1. At a 1.4 Å probe radius, which order do D82, D164, D206, D175 fall into by accessible area, largest first?
2. What is the set of long-range amide H partners of R180 at a cut-off below 5 Å, with H atoms built 1.01 Å from backbone N?
3. Gain in length, N198 to E122, computed as 0.36 nm per residue apart minus the alpha-carbon separation, to one decimal in nm?
4. What Kirkwood hydrodynamic radius, in Å, does the stretch 136-261 give when the mean of 1/r is taken over all pairs of distinct Cα atoms and then inverted?
5. Could you pull the Cα extents of the stretch 44-135 along its three principal axes, largest to smallest, in whole Å?
6. When all C-alpha to C-alpha distances in the stretch 78-183 are sorted into bins of 5 Å, what percent of pairs does each bin hold, rounded to whole numbers?
7. Would you kindly derive the ³J(HN,Hα) couplings of the stretch 225-232 from the backbone phi angles with the Karplus curve 6.51 cos²θ - 1.76 cosθ + 1.60 (θ = phi - 60°), listing them in order in whole Hz, with x for Gly and Pro?
8. Just need log10 I(q)/I(0) for the stretch 200-243 at q = 0.24 Å⁻¹, Debye formula, equal scatterers on the alpha-carbon atoms, no solvent, rounded to two decimals.
Amino acid sequence: MAAMSDLMRSGRTAAENAKAHANDEVIDPTSSHFPPFIMNKPFSEKADKIGLSDGEMISLNAEEAVKLQKMQSHLNDNVSGDLVKITLFKNWGDTQEALLLHAKPTTVKQVQDIVKAACKYEDSDGNKGIKMGMGGSYHSWSAVFPDPGGLLINTCNLKLQECDTSDGKGRIDFDEDEMRVTISPGVTPAELMNFFLNNDICFESDTIIANVTYGGTLSGGCHGTGKDQKSMSDEIVSMKVVDGAGNLRTLPPEASRDWYM
């Protein structure tokens, strides 16, 4: 979760915003009737299905399928809700493909449990741990996703640890006194834009594409809408992260760089 500042008032009332945007196409990431390129889910839905059947896994890679089934069983024994599935992952551009484990948690506690369980895993050869990576809309051509046989944790449905949030959905919280917004990593620019319009606030500059997630936008150093604008990560004033051991940490601006090494 990231807390971001440099918010500003748009200078319009909610009614004026509604009038100004009356003819615009309203972007609702939860709606199924909008085109795929402005929705929250389509970029990642290839790896968000229930999972592959035994026959599908064996036809792809029988030896790897057996290993994945053992890891899946271990993880689901230690995480509530049988969250971990086996799937054939593909990124948005179909440039990467991998048979791997996939989980889509909704709470920070579930993320912690998954990471802790992955750290405790040991295979028959004595190799410890499961290699993990995060993903949202998978809108990257770079090799930033887990290798075959790894674990991909999708953040699209993840909520903030706090339940009572400004958006009423547990995903976006706004501190009007500090002019600061806190968001879940799975929030998209489309989702945040709708919240901003309803609350008469905005960033000075935001990324243009509407259906990526801020988890990837912020960690990737993505830029705003002009060469003289800050990158989106420059807006961060603090973060809550789950580290590689499953611990929840809060990183203030003055956090030591040694922590990241």
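1. D164, D82, D175, D206
2. Counting only residues 5 or more places away or on other chains, the set is D175.
3. Fully extending the segment from N198 to E122 adds 22.4 nm.
4. Result for the stretch 136-261, one decimal place: 15.9 Å.
5. 31, 30, 21
6. Bins of 5 Å from zero give 2, 11, 18, 19, 16, 14, 10, 6, 3, 1, 0, 0 percent of pairs.
7. Per residue, the Karplus-derived 3J(HN,Hα) values read 10, x, 5, 9, 8, 5, 6, 4 Hz.
8. -0.91
The values are calculated or read from the model by the stated rules, or taken from the named source; none is laboratory data. Bear in mind that the values here come from a model prediction, so they are computed numbers and not experimental data. We place every Cβ from the backbone using ideal geometry, glycine too, and count neighbours over all the protein chains shown. Heavy atoms of the whole protein, side chains included, go into the accessibility calculation; ligands, DNA and RNA do not. Shrake-Rupley method; radii C 1.70, N 1.55, O 1.52, S 1.80 Å.
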